[in-house]
Amino acid sequence: MDPFGRRIDYLRISITDRCNERCLYCMPEGYRGWAQRPDHLTTAEILALVRVAVGLGFRKFRLTGGEPLVRADVVELARGMAAIPGVEVIGLSTNGTRLAGLARPLRAAGVRTVNISLDALDPARYRRITGGNVADVLAGIRAAVAAGFERVKLNVVLLRGLNESEWWPLVRFGAEHGLPVRFIELMPVSHADALDAARFVSVTEVMAHLDARDRLVPQPDPRLGHGPAKYHRLERTGALVGFIGAITTQHFCETCNRVRLTADGKIRPCLGQHGEVDLRSALRRHATEAELAALLRLAIAQKPAGHTFGADFTPCRPMVAVGG
Ligand code: SAM
Ligand code: SF4
């Protein structure tokens, strides 16, 4: 439990701060702040921390980044994690561009759920937002469905002036493929130009936009995820849609269940606060499991009641280096 009575059992592990895309809201233009390769935790170091986390009651883990699929040993890492008793769920967050070739090996290694970012279906719009090729992502989505993950979800960041015309087509696409689509409010977690207030769209606005096309019916089912999304089903299309209103939802942080591990070995108790606890130095001076556990406990104890995005929060690391 953290100081606010929240049970923290979910560790999101960024395995690299590198990415093969450059989303406008995540990676600042011309970004050169990469961690040095030797500063990235090795597979063995990550597995050691997962063992310690399980000992403290963590049960759910997510591989993220940067783009986790640019790391060559991602399958080996997933397999190693799945073999640790107490690891119940391994999820993956990916931009999907490399998933076509990796979906099957990752599923076989023990990854159970996948979240794929898809901010637009139109190739030109997708390229403008991410710099990438949407055809690769669509191939990745097909491969993920074929590989038999327990859940595949699509994540859409709401961007005024960039993807409003895509919201409804994305919902239709999700419905056609049986995939929940989650709309995410833009958070000020990078220095990027796209994080201008003029780009911000609230989840209330997108809900009204969708409700005007098909009636939204709230879905209270808690099995839909471990996260903060509020789910609705669209009556006619049958689409399942989630809304992550980190900025406008009151009490958003009250059910927070997670901490983050950065690729360079720092635990971030909260995405919306700067505090970090350094585990890499401890790992590299061969700290005991008990010492590592004490540091992880310290990070949980440092979890604030909530983020401070509303109070002129300025990020110290861009999102690509924190891990989403
Ligand atoms: N590369 C993978 C991907 O794109 O899914 C995993 C890492 S990415 C940082 C994780 C998630 O964070 C993605 O769904 C992305 O859209 C989201 N994200 C990044 N920057 C964001 C921002 N400024 N506001 C809201 N969501 C953001
Ligand atoms: Fe890369 Fe994901 Fe960030 Fe886009 S959101 S730049 S794909 S890490």
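Every read-out reported here was derived from the displayed coordinates using simple, explicitly stated rules and does not represent laboratory data. In this text the structure is predicted, and so the values were computed from the model without any measurement. Because the Cβ atoms are built from the backbone with ideal geometry, glycine has one as well, and the counts that use them run over all protein chains shown.
Alpha-carbon geometry of region 140-270: the Rg and the Dmax are 15.6, 46 Å, given in that order. Convex hull volume of the Cα atoms of region 104-163, normalised per residue: 74 Å³.
Across region 266-274, computed HN-Hα scalar couplings (Karplus, 6.51 cos²θ - 1.76 cosθ + 1.60, θ = phi - 60°) run 10, 8, 9, x, 8, 5, x, 9, 7 Hz from first to last residue, x flagging Gly and Pro. Can you compute log10 of I(q)/I(0) for region 59-196 with the Debye formula, treating each Cα as one identical point scatterer, at q = 0.11, 0.14, 0.15 Å⁻¹? Rounded to two decimals, the profile gives -0.40, -0.65, -0.74. Rg and Dmax of the chain, based on Cα coordinates, read 18.7, 59 Å. Restricting the calculation to Cα atoms, region 214-310 yields a radius of gyration followed by a Dmax of 18.0, 59 Å.
The long axis of helix 167-177 is offset from the longest Cα principal axis of the chain by roughly 80 degrees.
Evaluating 6.51 cos²θ - 1.76 cosθ + 1.60 at θ = phi - 60° for every residue in region 141-147, the Karplus couplings come out as 5, 4, 5, 5, 5, 5, 6 Hz, glycine and proline recorded as x. Candidates 189, 302, 43 compared by Cα position along the dipole of the chain: farthest toward the positive end lies 43, with charges placed on Cβ. Under 5 Å from the amide H of residue 115 lie the amide H atoms of 92, 93, 94, 153, each residue being 5 or more positions distant or on a separate chain, with H modelled from the backbone and absent for Pro and chain starts.
Estimated translational diffusion coefficient (Stokes-Einstein, Kirkwood radius over Cα pairs, 37 °C, 0.692 mPa s) of region 27-139: 213 µm² per second.
Given +1 at the Cβ of Lys and Arg, -1 at the Cβ of Asp and Glu and no other charges, the dipole of region 10-322 around its Cα centre is 640 debye to the nearest 20. Distance from the Cα centroid of region 56-114 to that of region 226-263 is 21 Å (rounded to whole angstrom).
Each residue of region 230-238 was assigned a 3J(HN,Hα) from its phi angle through the Karplus expression (A = 6.51, B = -1.76, C = 1.60, θ = phi - 60°), giving 9, 9, 9, 10, 8, 4, 7, 6, x Hz with x at Gly and Pro. Kirkwood-type hydrodynamic radius, region 233-288: 14.5 Å, calculated from all non-identical alpha-carbon pairs. Here the label points at residue 215 and residue 288, each 7 Å from Cα along the C-beta direction, are separated by 6.3 nm in the simple model.
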